[in-house]
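Everything below concerns the one structure shown next.
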Amino acid sequence: MGSRQLTEPTLVIATHNKGKLVEIADLMRPFGVACVSAGDKGVSEPEETGTTFEANAELKALHSARATGLPALADDSGLCVNALNGDPGLYSARWAGPTKDFGLAMRKVEDALAAKNAKDRSAFFVACLTLAWPDGHCETFRGEVHGHVVWPPRGDRGFGYDPMFVAENETITFGEMEPGRKHAMSHRARAFADLVAACIAGRRG
Ligand code: IMP
């Protein structure tokens, strides 16, 4: 059976982060989809109690879809370091603490690798995107970009763990990379391309 198509004119973006809203609204514009944020619709942020990226993306999207009666899109993402059994993974945002200090979070990754005397520095970013409808139907897409982590961090572009991540076949970190190039290869771009192909591509703006 094919994926359910997004036919509604308006999509709720299940985030309270203005940056994410702007990025997703830009991606949706060519398809004639108007985006509003869950925050602007007065929807609360649910607790991320899932044990996978997919589960967290689904619970966030469903929460907004049910609260608004409109289709909703959510994403959940993180950095997984193989020698750390996938940490910080689902807890990528939380490793930065209440002040969202990603210098600290990157140092924690490096300290954890040093404590294990790890030689394997391979890592990957994951993004899961879920499109959910008020009747509970979900379409979920996962994108990954593989590479390795470096120390010290390099570059002041991007966000989060970008300054310590080098993608396969690259020499510079995501923190040093021109944003358009990062967005062409990122985990989020890959998940988004699959979502568009499955649920939105048939539609015209
Ligand atoms: P959440 O999906 O909002 O729960 O948080 C994901 C966290 O993963 C972010 O706060 C970042 O720290 C990290 N992350 C996800 N995607 C990226 C990326 O493209 N670059 C750097 N860090 C990322």
Just one listed residue, out of Ala65, Ala72, Ala61, Ala96, is at pLDDT 95 or above and either over 27 Å from Ala197 (Cβ atoms) or touching a Cys at 6+ places or on another chain (Cβ under 6 Å) (or both), and it is Ala96
Residue hits (segment 53-84; part of a strand (DSSP E or B) and polar (S, T, N, Q)) are Ser77
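Working only within segment 1-18, note down all residues that are surrounded by fewer than 19 Cβ atoms within 10 Å (Cβ to Cβ) and of a type in the set (S, T, N, Q).
Hits for segment 1-18 are Ser3, Gln5, Thr7, Thr10, Asn17.
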Over segment 59-97, the set of residues open to solvent by 40 Å² or more (accessible area, probe 1.4 Å) and either in contact with a Gly (Cβ under 7 Å, 6 or more places away or on another chain) or within 13 Å of the ligand (Cβ to nearest atom) (or both) is Leu59, Asp87, Tyr91, Ala93, Arg94, Trp95
- Query: In this structure, does Ala57 turn out to be aliphatic (A, V, I, L, M) and over 19 Å from Arg190 (Cβ atoms)?
  - Reply: no
Within segment 19-51, of all residues that are part of a loop (DSSP other than H, G, I, E, B), in contact (Cβ under 8 Å) with a residue 40 or more places away in the chain and not charged (D, E, K, R), the one surrounded by the fewest Cβ atoms within 10 Å (Cβ to Cβ) is Gly32
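If I ask for residues that are closer than 27 Å to Gly136 by Cβ and not aliphatic (A, V, I, L, M), which ones from segment 74-97 would you list? Don't jump to the end; show me each part of the working.
Let us first name the residues in segment 74-97 that are closer than 27 Å to Gly136 by Cβ, namely 74-78, 89-90, 93.
Result: Asp75, Asp76, Ser77, Gly78, Gly89.
Given the condition touching a Ser or Thr at 6+ places or on another chain (Cβ under 6 Å) and under 30 Å from Pro9 (Cβ atoms), answer yes or no: does some residue in segment 189-201 qualify? Before you say what the answer is, go through the steps one by one.
Taking segment 189-201 and keeping what is touching a Ser or Thr at 6+ places or on another chain (Cβ under 6 Å), we get 198-199.
Add one more test, that the residue is under 30 Å from Pro9 (Cβ atoms), and what stays is 198-199.
Yes, because at least one residue in segment 189-201 is touching a Ser or Thr at 6+ places or on another chain (Cβ under 6 Å) and under 30 Å from Pro9 (Cβ atoms).
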Query raised in the report: Quick check: anything in segment 5-28 within 30 Å of Asp120 (Cα to Cα) and polar (S, T, N, Q)?
Result: no
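The values are calculated or read from the model by the stated rules, or taken from the named source; none is laboratory data. Quantities reported herein were computed from a predicted structural model and do not represent experimental measurements. Counting neighbours? That spans all protein chains shown, and the Cβs are built from the backbone with ideal geometry, glycine included. Note: accessible area is taken over every heavy atom of the protein model, side chains too, but ligands, DNA and RNA are not part of it. Shrake-Rupley method; radii C 1.70, N 1.55, O 1.52, S 1.80 Å.
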